[in-house]
Amino acid sequence: MTDVHMAHGTTGTIDTATTEQAVDLAGALRAVRDNNPLVQCLTNIVVANFTANVLLSAGASPAMVDNSHEAADFAAIAGGVLINTGTPYPETAKAMLLAAESAATHHNPWVLDPVAAGLPWRTDVARNALAAGDPAIIRGNASEIIALAGSSSGGRGTDSTDPVTAALATAKQLARTYHCAVAISGPVDHITDGERVLTVSNGHEWMTRVTGVGCSLGALMAAFAAVVPNPVDAATAATALLCVAADHAAAESRAPGSFATALVDQLYLVSPEQLAAEADVRALAA
Amino acid sequence: MTDVHMAHGTTGTIDTATTEQAVDLAGALRAVRDNNPLVQCLTNIVVANFTANVLLSAGASPAMVDNSHEAADFAAIAGGVLINTGTPYPETAKAMLLAAESAATHHNPWVLDPVAAGLPWRTDVARNALAAGDPAIIRGNASEIIALAGSSSGGRGTDSTDPVTAALATAKQLARTYHCAVAISGPVDHITDGERVLTVSNGHEWMTRVTGVGCSLGALMAAFAAVVPNPVDAATAATALLCVAADHAAAESRAPGSFATALVDQLYLVSPEQLAAEADVRALAA
Amino acid sequence: MTDVHMAHGTTGTIDTATTEQAVDLAGALRAVRDNNPLVQCLTNIVVANFTANVLLSAGASPAMVDNSHEAADFAAIAGGVLINTGTPYPETAKAMLLAAESAATHHNPWVLDPVAAGLPWRTDVARNALAAGDPAIIRGNASEIIALAGSSSGGRGTDSTDPVTAALATAKQLARTYHCAVAISGPVDHITDGERVLTVSNGHEWMTRVTGVGCSLGALMAAFAAVVPNPVDAATAATALLCVAADHAAAESRAPGSFATALVDQLYLVSPEQLAAEADVRALAA
């Protein structure tokens, strides 16, 4: 496969590069900050706090409404909905299904983050949500995407045991089946709608040393999907924001603890112009 | 309404101002730190960690006993109890009702924080708790206070869509009905027992950019109520402590991530004397 | 009781001291970082995030699989399992029992952290887990160890109301009954297998001012037990790592908020050599 660099270059042709940029990253970030989208998160007990802070710093408004009595009604009014299977329980799994159905019915974009798919029960939870209505975006690591699609070797919790490229064909198929974007997280993130494939090459390995960074990316995708019509564009802009913020945060941190704090700061500090200038977003040739 | 400045002024009459201070803030903070009150929190999965750290830094001792088997017994021995409806589930909602009943029976002060009241199911949870026994303090933003009282426009999750002043009459009525203090959080916090109204004008807008700051205020109120007999005094001292600590934290931070860490530090570092000198607490004329 | 200093001294006989060191701390930490053990945590909503970050910084891989549908299957493949009774609910209590049974059946080491034992319901949860299969390690403060063994005065949540030494005889008895190591946390930590007793004297009082430090120690013990065969050695090495990291963190912090961040950093930064050189581990004479 040949990479075609459609984003910024380092050769000084910034105007041209901006013109050719695959996604309007600056415009997407401005849309989040101007519209402060309400993002309903049905997520896990490990990352709920970090996820809410990531959304607040980026400019969105989190609401963790994840009980079965209220999930559907809230999904009808939320700007975007995240369903994350990190620590599902019978009660919250029921709420996830209801939220997915309601979001789909009300044409509100929802994001599926099938954390640790491959474990049988939660894989069913994730698939039942998919069956309830097409999501805007599915996000996971390579193992999770493969497991969700039914071709899994199991994985080990949230760690991917498969390389990103191994999951790309599966991701394209998933995207076509559910008419959505599928994002595979890894050293280089890949986002596809089944046809085109965009990559984001920013980021730092400490993103895997802080719990909830991947999960908060799913939440950011829901925030961007609330204000950016095309799901691939929304998923790509969310990924670029998190990874560019991580580049900044890593440069001023010494270890994962201080990195986590700096990452939340940088999600607030990175400007739309910085995002557009620094994001390494490319389109893969078909 | 005319403000009557009963706290410190900036005009040099500090001795007089201190004498007239509406609430003995320094004494209240000393009482928390000397007595290390045990605060039972039935709160939400998003803010449980931050809330516990806020209580520990301020000098209290948190205990998140929120299951239905133990909630009542623990409320009988806790110094103060917080009931926060941020992420209620059938099991924890049951525990909340039992804790409220037990706290009331044993004359232990309890605080209701009706997060996102307006959503029908949790509004019932909050009202059932109120029906079980008078709380010492009800705390919320303007929309939550209005929704709890039954005159709501709904709100959007934890964000208030109503100004503080619009909720003041409702807050006074609630306070009279339940014989408690009602605190409305906002740019200027208002605390009332149905007759007098105190305001706290310290704080920083980043308090709305970190999840759990409002929720941790409810927990601090339970800590102060455990050692300060008058609920208005307790709620005002808790509010003043959090807002003065936020003033310090904002001055040394650059964005919400570092602000959150600095806020927890400052809750430990602010002295009773600093609190009394820097808090901008005033009594509104009747 | 007479202390026999078997670890490093301050008298310059470092080679001798190293030779005599009671536990190979450097080797244990290297084993964690080289093998990246998968640690299943069934823990509480307050500390799940901090616990995961502690494990990630130390070099382990957390997986919070705590529902009753998946807990047993995951315990069969995890390197180590933590069962922590901080905020048990009917669903997670059921999962805890299943995980303990499965871990024991598959000879995977599991750690019991009976948080706030003394409250009747969770004490039953902890005892039922013990009855399901011998753990590798039991960890608690003095009050929790005494309460678990049935001789409790109750305690007050997570605060110990008993001194460490008062629990030592009880700890030895528990260790013999369940063929495991028992670790009592306090200003000086004590670890026993019923015969020998090791102490760790590092650490800082701010460890009690940040929620989840004790709980994360239980998780670290599960990580070390996954790669260190002797449970006393594993528990001692985990304690030494956390306490040496806390020494470093306290030296560069000003209050509990910044201390918590620095602690996570230091768990990543402390080298095996530093750990061996700085840990104050001693063997008590029998």
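The values are calculated or read from the model by the stated rules, or taken from the named source; none is laboratory data. From a predicted model like this one, the values you see are computed outputs, not experimental measurements. Neighbour counts run over all protein chains shown; Cβ positions are idealised from the backbone, glycine included. For the accessible areas, the whole protein counts, side chains as well, though only heavy atoms, and no ligand, DNA or RNA atoms are used. Shrake-Rupley method; radii C 1.70, N 1.55, O 1.52, S 1.80 Å.
The table that follows gives values for the structure above.
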item: Subset of the range C:129-168 (residues that are in a strand (DSSP E or B) and at pLDDT below 95); result: C:R156, C:D159
item: Failed condition for A:A238, given (1) in contact with a Ser or Thr (Cβ under 8 Å, 6 or more places away or on another chain); (2) under 25 Å from A:D34 (Cα atoms); result: (1)
item: Of all residues making up the range C:45-61, the number that are more than 7 Å from every other protein chain (Cβ to nearest Cβ) and closer than 22 Å to C:A126 by Cα; result: 1
item: Hits in the range A:79-126 - residues which are out of contact with any strand residue (DSSP E or B) (no Cβ under 6 Å at 6 or more places or on another chain), in contact (Cβ under 8 Å) with a residue 24 or more places away in the chain and among the aromatic types (F, W, Y); result: A:W121
item: Only listed residue being open to solvent by 20 Å² or more (accessible area, probe 1.4 Å) and under 20 Å from B:I45 (Cα atoms), chosen from A:A52, A:A63, A:A131, A:A72; result: A:A72
item: Flag for C:L168 being touching a Ser or Thr at 6+ places or on another chain (Cβ under 8 Å), among the aliphatic types (A, V, I, L, M) and crowded, with 24+ Cβ neighbours inside 10 Å; result: no
item: Meets criteria (in contact with a Leu (Cβ under 7 Å, 6 or more places away or on another chain), open to solvent by 10 Å² or more (accessible area, probe 1.4 Å) and more than 14 Å from every other protein chain (Cβ to nearest Cβ)) for C:P272; result: yes
item: Residue selected from the range A:104-128 under the condition part of a strand (DSSP E or B) and within 14 Å of chain C (Cβ to nearest Cβ), by the criterion most open to solvent (accessible area, probe 1.4 Å); result: A:L119
item: Yes/no for A:E101 being closer than 19 Å to A:I138 by Cβ and surrounded by fewer than 24 Cβ atoms within 10 Å (Cβ to Cβ); result: yes
item: Of the criteria (1) of a type in the set (G, A, S); (2) open to solvent by 20 Å² or more (accessible area, probe 1.4 Å); (3) within 14 Å of chain A (Cβ to nearest Cβ), which one B:G86 fails; result: (2)
item: Count of residues meeting criterion [in a helix (DSSP H, G or I) and either closer than 25 Å to A:V264 by Cα or within 14 Å of another protein chain (Cβ to nearest Cβ) (or both)] in the range B:223-255; result: 12
item: Selection from the range B:238-280 of residues that are within 20 Å of the chain's Cα centre (by Cα) and of a type in the set (D, E, K, R); result: B:D247, B:D265, B:E278, B:D280
item: Some residue of the range C:183-201 being hydroxyl-bearing (S, T, Y), within 15 Å of the chain's Cα centre (by Cα) and closer than 29 Å to B:F50 by Cα; result: yes
item: Top-ranked residue of the range B:188-209 - restricted to ones that are open to solvent by 10 Å² or more (accessible area, probe 1.4 Å) and either of a type in the set (S, T, Y) or within 14 Å of chain A (Cβ to nearest Cβ) (or both), ranked as farthest from A:S57 (Cα to Cα); result: B:S201
